Amino acid sequence: GGHPLVQVVEGGGLGKMVTPGVDRLTGQQVFLKCRPTNAGGQGTVAGARAWRGEEAERAVAGSLHILSPHITLNVAASGVGSAGTGKGAPATCSVYARAQGSVSELLAAPGALSPQDAIAVIRAVRAGIATMHEKGFAHRDIKHRNVLFFPEAQGEGRFRLADLDAAAVLGEEITEFMGMPWEVWVPNVQIGPWPTAVPSPEHARHLHSRWSLAAVPPLLASREADWFQFGVLILEVICYRPVLAGRPGREVLADLAAQGPLRVPECSAASRLGEACAVSLQALAGALLSKNASARPGALDSLAALRPCLPAPSRLHEHADRGGDGRAAGRAAEVAEDGEGAGE
């Protein structure tokens, strides 16, 4: 199509590859998700999951009706075209987003993610999650690699939650774990260092129950699993350290499935964020990482925890921009500040 590929950056989920390219019309860098043509054959797990992801993306896009400034959809209006992957293998690619990159790249470069941007990431992802929940969907794959960075955007929209491939209707049965059917995850499956994916404790316990051959009820897409992933993201962007990624895979699954608190890295964020903001966000992350799903905070409580991180003049200015008089207080005003409903 009109987006020549530059190089393969990494292997993506659902049998795809994520690649940077160049938009010939604008000269801007874009990212594309490419599915090798031979991965779409009948009977292959990768092919089935690749098409499932694209169908889920379109279904969510059609049902959301509006594009929240906090969410970016993978499948762009420019459609799908064929391209070479640089290794001689044909592939079908869809425009991913005209973004500079993801929060992963910012975390990998010392000093690239400023304290102000860390707060902006947290606010944007919280608002994106709330919007999806309000519309009846779970995102199911919230992680720093799926938060895109648009440096030219002003205000809302600078950071956006992306990659709806794994999205599901709230209450829909989950038939896979990290993109592969449950049946693939046999007890002796080889698991290397943990990737950036963030399964919830409910996912890990479901897998352990299957390994023990116990009768288990279906696992359903839930708000609570999204909020758990949000808790991991908060710690990673304020502490500049991974929570799960890089640890031995079996250790991660055991940690998630255990009754005790999740092991998290030491973090000293007060010097960057200020004492009140750091304490509030770390307390929020701790609550979101509860192994008891029903005890995790939701959209409103998460928004309330951000108040110490927002300068008062900024709050008043944003209220006025949305037609307020600058004197509104309480939760309702804070929800209006992010431009969407509670999403509970």
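The values are calculated or read from the model by the stated rules, or taken from the named source; none is laboratory data. Computed from a predicted model, the values in this text were never measured in an experiment. With ideal geometry, Cβ positions are generated from the backbone for all residues, glycine too; neighbour counts draw on all protein chains shown. When the accessible area is computed, the model is the full protein with side chains, heavy atoms only, and any ligands, DNA or RNA have been set aside. Shrake-Rupley method; radii C 1.70, N 1.55, O 1.52, S 1.80 Å.
Whenever a residue of the range 153-170 is open to solvent by 20 Å² or more (accessible area, probe 1.4 Å), its partners that are part of a strand (DSSP E or B) and modelled with pLDDT under 75, lying with C-beta atoms within less than 8 angstrom and at least six residues away or across chains, give the pairs Arg160/Ile71; Arg160/Ala97. Give the range 271-316 a look and list any residue that's modelled with pLDDT of 90 or more, over 23 Å from the mean Cα position of the chain (by Cα) and open to solvent by less than 70 Å² (accessible area, probe 1.4 Å), or say none. Selection gives Gly274, Ala276, Pro308. Within the range 244-256, residues that are closer than 20 Å to Leu233 by Cβ and of a type outside the set (Ser, Thr, Tyr) have Cβ atoms under 6 Å from residues that are open to solvent by 30 Å² or more (accessible area, probe 1.4 Å) and assigned to a strand (DSSP E or B) in these pairs: Gly246/Pro193, counting only partners at least 6 apart in sequence or on another chain.
For the range 269-286, a residue qualifies if it is touching a residue at least 24 places away in the same chain (Cβ under 8 Å) and either touching a helix residue (DSSP H, G or I) at 6+ places or on another chain (Cβ under 7 Å) or not in a helix (DSSP H, G or I) (or both), and the qualifying residues are Ala269, Arg272, Leu273, Gly274, Ala276, Cys277, Ala278, Ser280, Leu281, Leu284, Ala285. Just to verify a result, which residue in the range 142-152, among those that are under 18 Å from Gly128 (Cβ atoms) and among the charged types (D, E, K, R), is least open to solvent (accessible area, probe 1.4 Å)? Across the range 142-152, the extreme among qualifying residues is Lys143. When the range 205-220 is filtered for residues that are surrounded by 12 or more Cβ atoms within 10 Å (Cβ to Cβ) and either out of contact with any Lys or Arg (no Cβ under 8 Å at 6 or more places or on another chain) or over 25 Å from Ala138 (Cα atoms) (or both), the ones remaining, listed by number, are Arg205, His206, Leu207, His208, Ser209, Arg210, Trp211, Leu219, Leu220.
Yes/no matrix, rows are residues, columns are (1) open to solvent by 40 Å² or more (accessible area, probe 1.4 Å); (2) out of contact with any Phe, Trp or Tyr (no Cβ under 9 Å at 6 or more places or on another chain); (3) within 17 Å of Arg145 (Cα to Cα):
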| residue | (1), (2), (3) |
| --- | --- |
| Thr175 | yes, no, no |
| Val184 | yes, no, no |
| Val198 | no, no, yes |
| His203 | no, no, no |
| Arg223 | yes, yes, no |
| Leu244 | no, no, yes |
| Asp255 | no, yes, no |
| Gly260 | no, yes, no |
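When the range 175-200 is filtered for residues that are under 17 Å from the mean Cα position of the chain (by Cα) and not hydroxyl-bearing (Ser, Thr, Tyr), the ones remaining, listed by number, are Phe177, Met178, Gly179, Trp194, Pro195, Ala197, Val198, Pro199.
Taking residues in the range 210-223 that are touching a residue at least 12 places away in the same chain (Cβ under 8 Å) and farther than 13 Å from Trp182 by Cβ, and partners anywhere that are open to solvent by less than 50 Å² (accessible area, probe 1.4 Å) and not in a loop (DSSP other than H, G, I, E, B), the pairs with Cβ atoms closer than 6 Å and at least 6 places apart or on different chains are Ala221/Ala138; Ala221/Ala168; Arg223/His133.
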